[in-house]
Amino acid sequence: MSEYSKTLNAKLVSVHVGTTIAFVKESVGTAQVELDGFVGDKHRSYMRGIYGGEPYPPGTIRRNNRQWSAVSIEELAIISKTMDLTEDLSARILGANLCFSGITDLSQLSKGSKLTFPSGATLIVEEYNPPCHDLSEELSNTLKTNSGDSPGKLAFLKAAKKLRGLVGIVDVAGQINEGDDVKVQVFDSERMLQFLSS
């Protein structure tokens with residue numbers, strides 16, 4: 001794959017696991033990931049139900065392409081500034097499993113990109129994780145702006161557009177630790193297509 005990717009380096013700032021239906025995922029410092037997701041996390045599974053807006057009949061069960069979610073410190077800072085919040089948003093309150101630093105455009109990583117940790121654990125990016133109305137409304141009830149007001153119900157939805165982070169699957173099981181140096185192989189789909197058509 002290295003021939004069709006470029007490599008970036010990132011730092012894992014925090015690791016989170018959620019066990020309840022709430023959006024919040026608590027910091028755990030260390031997490032074990034298996035091929036069906038993060039051990040102890042509510043999104044761990046090979047399968048999932050469909051979400052609103054997906055092009056499947058009601059009740060459809062599909063492959064779980066959302067075994068993990070990730071955000072970046074850099075993008076959270078941009079969202080927080082746009083919303084004029086008193087404190088920066090965190091991976092914890094957004095319900096993300098991972099928070100990175102050093103990847104300025106994390107949300108733009110292409111499908112097929114790989115995140116490899118020192119243990120050998122490897123995650124693959126599936127898609128961008130768009131902000132949802134439910135989380136935006138919840139944040140409007142719990143956060144404050146610098147003017148002392150609550151953000152509007154759509155404030156996060158608007159501010160987080162193209163900055164919300166990623167979701168993906170586990171490719172190789174292993175341990176993930178806060179502070180890990182992470183190798184990011186950014187998959188270049190255009191270059192791959194050029195190779196396949198040559």
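Of the numbered criteria (1) more than 14 Å from the chain's Cα centre (by Cα); (2) part of a strand (DSSP E or B); (3) surrounded by 12 or more Cβ atoms within 10 Å (Cβ to Cβ), the one Ser45 fails is (2).
All of (1) free of Cβ contacts under 8 Å to residues at least 60 places away in the same chain; (2) in contact with a helix residue (DSSP H, G or I) (Cβ under 9 Å, 6 or more places away or on another chain); (3) not polar (S, T, N, Q) hold for Arg63 with one exception: (2). Of the residues screened, Lys153 is one that is surrounded by fewer than 15 Cβ atoms within 10 Å (Cβ to Cβ), over 25 Å from Gln185 (Cα atoms) and in contact with an Asp or Glu (Cβ under 9 Å, 6 or more places away or on another chain).
Per-residue answers, yes or no, for (1) surrounded by 21 or more Cβ atoms within 10 Å (Cβ to Cβ); (2) under 26 Å from Val186 (Cα atoms):
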site	(1), (2)
Thr60	no, no
Val71	yes, yes
Ser80	no, no
Asp84	no, no
Leu98	yes, yes
Gly120	no, yes
Pro130	no, yes
His133	no, no
Glu138	no, no
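Of the residues making up the range 19-65, those that are under 19 Å from Ala96 (Cα atoms) and of a type in the set (Asp, Glu) are Glu26, Glu34, Asp36, Asp41.
To keep it simple, each residue is scored yes or no on (1) surrounded by 14 or more Cβ atoms within 10 Å (Cβ to Cβ); (2) within 18 Å of Glu87 (Cα to Cα); (3) free of Cβ contacts under 8 Å to residues at least 12 places away in the same chain.
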site: Ser147; (1), (2), (3): no, yes, no
site: Leu157; (1), (2), (3): yes, yes, no
site: Leu163; (1), (2), (3): yes, yes, no
site: Leu166; (1), (2), (3): yes, no, no
site: Val170; (1), (2), (3): yes, no, no
site: Gly174; (1), (2), (3): yes, no, no
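Scoring Gly29 on the criteria (1) of a type in the set (Gly, Ala, Ser); (2) within 25 Å of Ile93 (Cβ to Cβ); (3) surrounded by 13 or more Cβ atoms within 10 Å (Cβ to Cβ); (4) in contact (Cβ under 8 Å) with a residue 24 or more places away in the chain leaves a single failure, condition (3). Counting only strands (runs of 3 or more DSSP E) that sit wholly inside the range 88-178, those with at least 2 residues that are over 17 Å from Asn9 (Cα atoms) are 122-128, 166-172, 174-177. Can we say Thr122 is modelled with pLDDT of 95 or more, of a type outside the set (A, V, I, L, M) and more than 21 Å from Gly174 (Cβ to Cβ)? Answer is no for this residue. Residue under question is Gly52, and the condition is that it be without any contact (Cβ under 8 Å) to a residue 40 or more places away in the chain and either in contact with a strand residue (DSSP E or B) (Cβ under 8 Å, 6 or more places away or on another chain) or part of a strand (DSSP E or B) (or both); does it hold? No: the conditions fail for Gly52.
The values are calculated or read from the model by the stated rules, or taken from the named source; none is laboratory data. Given the structure is predicted, the values throughout are model-derived calculations rather than measurements. All Cβ positions, even for glycine, are placed from backbone atoms using ideal geometry, and neighbour counts span all protein chains on display.
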